[in-house]
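Following: one structure in structure tokens, then a few remarks.
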Amino acid sequence: MPNILFKKIIKDVETHANKELADKYKIYHKKPGHKELGILMPELRKLMKKHRKEIMQLNFSERKILTLKLYKLKISDYTLFANDILAHSINKFSKKDFKYIDNIVNNFTGWGQIDDFCINILQPLLLKYPKETLQLLKKWNDSVNLWKRRASVVVFVRKIGESGKYTNECISLCDNLKNDNEDLVLKGIGWALKDSMRGDKNKIIKYIKELKRENVSSVITLYAIRDLKGKERQVILK
């Protein structure tokens, strides 16, 4: 059954490929190995929804087989499609599935894929299995894989950061990567700190001031203080 659905999805998605748009998107994804079909997200979401009922009839083991086949194509559109399947299967995950999560991310090739994965899969798993998720993030924090390092901090954006519940963990993981040589990791740190500031403003501002004193990349600090205005912003910039 997973193989039949896999072929259906491939056939359907390929009919919506747009080479001209795919070439245009290359400006946003310059890392080696990134490939995409040039399908606009609203159109891709329609395709996800079209196949969802049939996908949800699969048991979780079959869904994992299907998503792994999609991830292994290493094409952004299929990676996002697989992310959507897992996002609608969060209630099926158990602690034993973290090895699977660790393995599939090795097939990612772009920041859009990993950010989508962080927000729609890792964040719900952090709330469901905080201990196991944080252990995985700590492992990724020291990974040679760029996308795993970015994920280890981007997971703290939006609602997770705004909750203030994981501020200490966010700071610790960001601190380990503050001198990373990848711009996309540094931007991920800045984003995580910016959103975490909404949940624990004083602690995050104190940490950003420490980063300024250490002369870390302004890619981090300028992104982190985007929400600050007036005197608060000027104090940090000085």
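So, in the range 88-104, exactly how many residues are surrounded by 17 or more Cβ atoms within 10 Å (Cβ to Cβ) and either in a loop (DSSP other than H, G, I, E, B) or out of contact with any helix residue (DSSP H, G or I) (no Cβ under 6 Å at 6 or more places or on another chain) (or both)?
4
In the range 204-223, how many are in contact with a Ser or Thr (Cβ under 9 Å, 6 or more places away or on another chain) and hydrophobic (A, V, I, L, M, F, W, C)?
3
Would you confirm whether any residue within the range 116-129 is in a loop (DSSP other than H, G, I, E, B), touching a helix residue (DSSP H, G or I) at 6+ places or on another chain (Cβ under 7 Å) and under 25 Å from Leu70 (Cα atoms)?
no
Scan the range 141-167 for residues that are free of Cβ contacts under 8 Å to residues at least 24 places away in the same chain and either assigned to a helix (DSSP H, G or I) or out of contact with any Ser or Thr (no Cβ under 9 Å at 6 or more places or on another chain) (or both) and jot them down.
Result: Val144, single match.
Specify which of the listed residues (Leu127, Leu136) is buried (at least 18 other Cβ atoms within 10 Å of the Cβ) and not acidic (Asp, Glu).
Of the residues listed, the single one that is buried (at least 18 other Cβ atoms within 10 Å of the Cβ) and not acidic (Asp, Glu) is Leu136.
Residues that are surrounded by 12 or more Cβ atoms within 10 Å (Cβ to Cβ), within 20 Å of Pro124 (Cα to Cα) and without any contact (Cβ under 8 Å) to a residue 24 or more places away in the chain: does the range 74-87 have at least one? Spell out the reasoning first.
Filtering the range 74-87 down to residues surrounded by 12 or more Cβ atoms within 10 Å (Cβ to Cβ) leaves 74-87.
If we keep only those that are within 20 Å of Pro124 (Cα to Cα) too, we end up with 79-87.
So of that shortlist, the ones also without any contact (Cβ under 8 Å) to a residue 24 or more places away in the chain come out as 82.
Checked against the condition, which is being surrounded by 12 or more Cβ atoms within 10 Å (Cβ to Cβ), within 20 Å of Pro124 (Cα to Cα) and without any contact (Cβ under 8 Å) to a residue 24 or more places away in the chain, the range 74-87 yields at least one hit.
For the range 51-61, which residues satisfy the criterion of being in contact (Cβ under 8 Å) with a residue 12 or more places away in the chain, more than 13 Å from Tyr100 (Cα to Cα) and part of a helix (DSSP H, G or I)?
Those that are in contact (Cβ under 8 Å) with a residue 12 or more places away in the chain, more than 13 Å from Tyr100 (Cα to Cα) and part of a helix (DSSP H, G or I): His51, Arg52, Glu54, Ile55, Met56.
For Leu70, all conditions in the list (1) in contact (Cβ under 8 Å) with a residue 40 or more places away in the chain; (2) surrounded by fewer than 18 Cβ atoms within 10 Å (Cβ to Cβ); (3) assigned to a helix (DSSP H, G or I) hold save one; what is the number of the exception?
The single condition Leu70 does not satisfy is (2).
For the range 106-146, which residues satisfy the criterion of being farther than 19 Å from Asp195 by Cβ and within 14 Å of the chain's Cα centre (by Cα)?
Asn106, Asn107, Phe108, Thr109, Gly110, Gln113, Leu136, Asn145, Leu146
Here, each number is a calculation from the coordinates, and none is a lab measurement. Owing to the predicted nature of the structure, the values given are computational and were not obtained by experimental measurement. Glycine gets a Cβ as well: all are built from the backbone with ideal geometry, and neighbour counts include every protein chain shown.
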